[in-house]
Structure formats: C-alpha cells, structure tokens
Amino acid sequence: MDENVRREIILDHYQNPKNREAVFDERYKKVNTNNESCIDNLDLYILMEEGKIKDIKFQGEACAISTSSTSIMITNLIGKTIAEALEYIENFKAMVNEEPYDEELLKEGIVYNEIYKQSNRKTCALLPYVGIEKVLRDYQE
Amino acid sequence: MNREDFPMLEQDIVYFDNGATTLKPKCVIDKTVEYYEKYGASAHRGDYDIAYKVDQEYENTRELVRDFIHAKSLEEIIFTAGSTEGMNLIASGFFKNLLEENDEVLITKSEHASNVLPWFSLANTNGIKIGYIPLDDNHYVTLENVKKAITPNTKVISLAYITNVIGDIRPIKEITEYAHQHNIFVVLDAAQSIGHIKTNVQDLDIDFMSFSAHKMCGPTGVGVLYGKKELLENVEPLILGGGMNESFDNEQEVYYKELPARLEAGTPNIAGVIAFGEAIKYLDAIGMEKIADYEKNLRKYLVDKLIMIPHLDIINLESDSGIVSFNVNGIFSQDVAYYLNKYNICVRAGSHCAKILKKEVGVTNTIRVSLYFYNTVEEIDMLVELLSDKDKILKEML
C-alpha cells in the first residue's frame with residue numbers, strides 16, 4: 001500500500017472519526033478499553049439487535065492509531081453477525097501479529113498491515129478490538 | 001552544563017524527561033560498581049574489614065543526606081526504596097495510628113498519586129476526610145487559599161514542594177508556619193524539588209518529607225524519609241524482620257532498635273545508598289543555587305519560544321521550576337511524543353500520575369518537558385523547530 005494513501009486514511013479517521021459521539025441510550029452495552037502501557041482510554045457502546053451489531057459508538061481520548069483503528073473497526077463491524085464480527089477481529093489480530101490473514105475481509109483495516117514494524121504501536125491498533133471482543137464473546141455465551 | 005559527566009549523553013539523544021528520572025553521572029555509576037567489586041558485603045552485620053568499610057560508606061551517605069537537607073540529626077534520615085515508600089510510611093506508619101474519624105487531611109488536585117492514594121486509603125480505614133486546597137488561576141497554591149481551606153478538623157497538610165505537571169514551587173515555609181500555629185502537621189513530597197532547588201528542612205520546619213535518589217542523579221530504588229526525631233520515634237515500622245530488632249524471645253518480648261535502624265528492616269539497597277552519596281557530593285560540587293538558576297533561565301528561554309508557536313496550548317506559562325506542560329492543538333499528546341522520538345527527543349506524554357488534576361486544568365493528557373542542568377539551549381532550539389511545523393507533525397507522527 002502506498003505510504004501517502006495509508007497516512008491519509010489513518011489521518012482522516014483520526015481527525016474526523018466516524019461514530020464518535022455520546023450515547024445516552026440504555027440499550028447500548030458499554031465497555032471501557034485502555035492500554036496499561038500508554039494513556040489511550042476509550043469507551044465503546046454497542047447495540048445488538050437480533051444477533052447482529054446494529055450500531056457502535058465510541059468516546060474517549062486516544063492516539064492517532066487507536067482512534068483511527070476504532071473508527072475503521074466500527075465502520076466495518078456495523079451490520080455484521082457476531083460470528084462475522086469475530087472472524088473480522090481474528091483476521092485483524094492475525095495481521096497485526098504477522099500471521100496469515102484474509103486481506104479482502106479487512107477492507108480499510110489493512111492500513112495497519114505494517115504496524116508490526118512499530119511494536120510499541122501494535123497495542124494501539126488492537127486497543128478497540130480488545131473491548132469489542134469481550135462484549136461479543138459475552139453475547140455469544 | 002557538565003554534559004561530559006553523563007555517559008547517557010554520549011548517545012545521540014535529547015533527554016527532556018527529568019521529572020520522571022534524571023540521568024546518572026559517571027561517578028555515581030562507578031561508585032555502584034566499586035561497591036560490588038571492592039567491598040560487596042552486607043551492612044551492619046560483619047566484623048571483618050570489608051564489612052566495616054560497607055558500614056562506613058553506607059552511614060557516610062546518611063551524613064551527606066543530613067547535611068544536604070539540613071536535618072538536625074542522623075536519626076532523622078531513614079533510607080527507603082523511594083519517595084512512594086516514604087509517603088506510604090508516613091501515612092500508614094504514623095497518621096493511621098493518630099487520625100480519627102472526620103479528621104481532615106488537606107492536599108490539592110495537582111498532587112502525584114503517591115501523595116493522594118495513601119491518604120485515600122486512610123479515608124477508607126480511619127474515616128478521615130480529604131480536603132482540597134483550591135488552586136489559583138495559574139494552578140498555584142497560595143497561603144491565602146490554604147488559610148481558607150483549613151477547618152477545625154484539619155490535622156495534616158500534605159503537599160508537593162514542586163508539582164510534577166504544573167511545576168510551581170509552593171510557599172511551604174509560610175504554610176508550615178501558619179499550619180503549626182493551628183496544630184496541623186505538614187508533610188512534604190519533595191520528589192520533584194530535591195534535585196532542583198535547595199532544601200532546608202529546619203528552615204521550612206516541615207514535619208515529614210519524602211524523596212527519591214533517582215530524581216537527583218542518584219540510583220533508582222533508593223529514597224529518603226525525613227521526619228522530626230520526636231515524630232519519627234512514633235512511626236510504627238511496617239516492615240519487620242532483620243536489622244530492625246534488638247531482641248525477641250516470644251510474641252510478648254520483642255524489642256526494636258532505635259532510629260534509624262528500626263525503620264530500615266532487611267538488607268537495604270546497599271549499592272544504591274552508597275552510590276547515592278556520590279550523587280549528593282556531585283550536586284553539592286555544582287551547587288544547588290547554580291542548578292536552580294540555570295534551570296530557571298533555560299525554562300524562560302523555552303517558554304519564550306513556545307509562546308511564539310500558535311498551535312501550542314501551554315498549561316503552565318509561569319513557573320519557577322524546569323517543568324513545561326503543553327499540547328499541540330488537535331493532536332493527542334502521545335502522538336507528539338512519538339513524533340519527537342523519531343528525532344531522539346525524549347519527552348513524557350500522559351497525565352503524569354496526577355490523575356485528579358484533569359478536573360482542575362480541564363486537560364487529561366499533556367506533553368511534559370522537564371529540564372535539568374545538562375540540557376542546553378541548542379536542544380531547546382531543536383525541540384522548538386520540530387514543534388513549529390504542525391503539518392510535519394501530522395505527517396510524521398504515525
């Protein structure tokens with residue numbers, strides 16, 4: 001992927017993140033996700049309906065990588081079933097950890113396909129996934 | 001100044017994270033090695049020559065500390081693992097046995113976690129109340145605000161001499177004078193001040209003080225708890241074991257040693273304490289007043305330049321210490337720190353352990369530049385140049 005395109009996508013999702021807004025609707029399940037080693041701290045709000053992810057919103061303070069990764073993740077997960085969402089998450093984690101993954105499935109998420117080169121930022125890209133996976137696994141049970 | 005004394009500076013780095021820890025001069029590193037290579041025995045135990053040498057060196061540091069902070073006697077100097085341990089020992093070893101329900105401890109919203117959480121713990125165990133001295137528009141503590149915050153229940157005022165985000169030097173002497181007139185104890189968290197300004201515990205008349213060696217060119221894992229002797233006598237040892245007991249036969253017959261040994265159980269960080277002595281000698285040789293002046297001028301140079309950058313929000317424009325906290329408009333502090341790291345500039349991003357401060361300044365995270373005497377105007381020029389170009393930051397921070 002072209003460096004400039006990659007940067008542009010990440011910066012766009014950082015400066016104009018999608019679905020970053022306050023949620024007061026009690027039907028949304030809230031989960032906090034933060035990195036022990038850094039200062040990122042995000043709240044995710046997930047609305048499930050008939051086994052599908054109807055909506056996700058987020059709030060909080062985080063770095064460019066975490067914020068953009070959250071924005072991209074949410075965009076890609078809305079509308080998915082739990083199984084589909086977990087498949088997406090597994091693929092994303094595999095990419096970040098330099099394991100085999102399905103590029104097609106990740107859509108814009110592939111902008112982090114070289115994040116492994118900066119090991120201290122891997123956790124930033126993965127941050128929203130930790131929170132969302134927790135919620136989805138709970139629902140699955 | 002004195003850059004040649006610091007092996008770390010032989011690398012191509014600009015170190016602006018002195019509030020977290022300072023670099024160590026060669027003499028301190030050498031002294032650590034000297035202990036392990038030349039007389040690596042335990043302290044206060046043996047009857048052979050090298051054990052005697054250890055005792056001499058170890059106790060020599062105690063004298064150097066006493067002199068450095070102008071304490072009255074050697075018994076007032078307790079070696080700890082660091083500032084945090086000292087603050088906990090003061091709260092849990094002394095005030096836990098003294099304070100009762102509804103007694104009040106006054107702190108501020110800009111204190112470090114180690115001057116907050118030990119008191120929160122007493123709020124839970126003893127039912128004490130935590131009060132906050134309001135900060136003024138510059139986020140400073142003023143004597144007037146201290147007077148206003150004191151209630152008939154106030155028993156303790158616990159403050160940093162210099163805070164680690166705002167960097168203000170508090171008027172401790174005036175506060176102590178007023179507090180003592182009202183029978184209030186004063187505890188000083190000197191972690192951020194000890195290596196930067198002169199400390200005279202008798203002149204300040206504080207009751208307890210805690211600080212770390214590693215923030216004053218000394219090794220990590222060593223700190224000092226200072227207390228007025230008559231108060232330290234009543235500090236309950238929280239760590240029991242070897243080195244602190246006089247004798248014991250059964251649970252009814254346990255006798256502790258006198259100060260300072262009573263509060264230094266177990267084999268201490270001998271190498272650290274001995275090397276710490278070297279750090280004190282090193283700072284004394286430069287002179288604390290000279291260090292404070294140099295830092296003050298350097299900070300002014302830095303702030304004067306930062307003010308000119310329109311996309312920066314500076315949290316603490318005025319302050320007499322070497323700490324400057326700021327944000328680049330619209331960019332998360334950590335991203336700026338990553339960007340500067342690409343140019344080998346070390347700064348801190350975050351809340352700096354002052355997590356209740358955000359309510360006061362309205363900002364959770366900042367970039368913090370904390371200076372020391374080995375920093376230079378050339379280093380500041382480099383920082384300023386890198387911060388001046390916001391597009392460059394956005395382009396290179398990822």
Elements of type helices (runs of 4 or more DSSP H) contained in the range B:340-398, each with 3 or more residues being surrounded by fewer than 17 Cβ atoms within 10 Å (Cβ to Cβ) and either modelled with pLDDT under 95 or within 14 Å of chain A (Cβ to nearest Cβ) (or both) = B:390-396
Name the helices (runs of 4 or more DSSP H) wholly inside the range A:53-140 in which the number of residues that are within 13 Å of chain B (Cβ to nearest Cβ) is 1 or more.
-> A:64-77, A:119-140
Which numbered condition B:Ala271 misses (of (1) assigned by TED's automatic domain parsing to the domain that holds B:Lys229; (2) in a helix (DSSP H, G or I); (3) surrounded by fewer than 20 Cβ atoms within 10 Å (Cβ to Cβ)) = (3)
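Yes or no, residue by residue, for (1) farther than 12 Å from B:Thr61 by Cβ; (2) among the acidic types (Asp, Glu); (3) free of Cβ contacts under 8 Å to residues at least 12 places away in the same chain:
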site: B:Val254; (1), (2), (3): yes, no, yes
site: B:Leu259; (1), (2), (3): yes, no, no
site: B:Pro268; (1), (2), (3): no, no, no
site: B:Ala275; (1), (2), (3): no, no, no
site: B:Ala279; (1), (2), (3): no, no, no
Among residues belonging to the range B:45-63 that are among the basic types (Lys, Arg) and assigned to a helix (DSSP H, G or I), point out the one that is surrounded by the fewest Cβ atoms within 10 Å (Cβ to Cβ).
-> B:Lys53
So B:Ile166 fits all but one of (1) buried (at least 23 other Cβ atoms within 10 Å of the Cβ); (2) closer than 23 Å to B:Tyr58 by Cβ; what number is the exception?
-> (2)
If you go through the range B:240-256 one residue at a time, do you hit one that is buried (at least 23 other Cβ atoms within 10 Å of the Cβ) and touching a Ser or Thr at 6+ places or on another chain (Cβ under 8 Å)?
-> no
Matching residues, the range B:295-316, being surrounded by fewer than 21 Cβ atoms within 10 Å (Cβ to Cβ) and of a type outside the set (A, V, I, L, M) | B:Lys296, B:Asn297, B:Lys300, B:Tyr301, B:Asp304, B:Lys305, B:Pro310, B:His311, B:Asp313
Log entry, pairs with first residue in the range A:1-21 being within 13 Å of chain B (Cβ to nearest Cβ) and outside any loop (DSSP other than H, G, I, E, B), second being surrounded by 10 or more Cβ atoms within 10 Å (Cβ to Cβ) and of a type in the set (Ser, Thr, Tyr), beta carbons closer than 6 Å, six or more apart or on different chains, reads A:Ile10/A:Ser68; A:His13/A:Ser68; A:His13/A:Ser71; A:Tyr14/A:Thr67; A:Tyr14/A:Ser68
Residue list for the range B:280-310, filter: in contact with a helix residue (DSSP H, G or I) (Cβ under 7 Å, 6 or more places away or on another chain) and not in a helix (DSSP H, G or I) | B:Ile309
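The values are calculated or read from the model by the stated rules, or taken from the named source; none is laboratory data. All values reported here derive from a predicted model rather than from experimental measurement. Cβ atoms come from the backbone with ideal geometry, glycine included; neighbour counts cover every protein chain shown.
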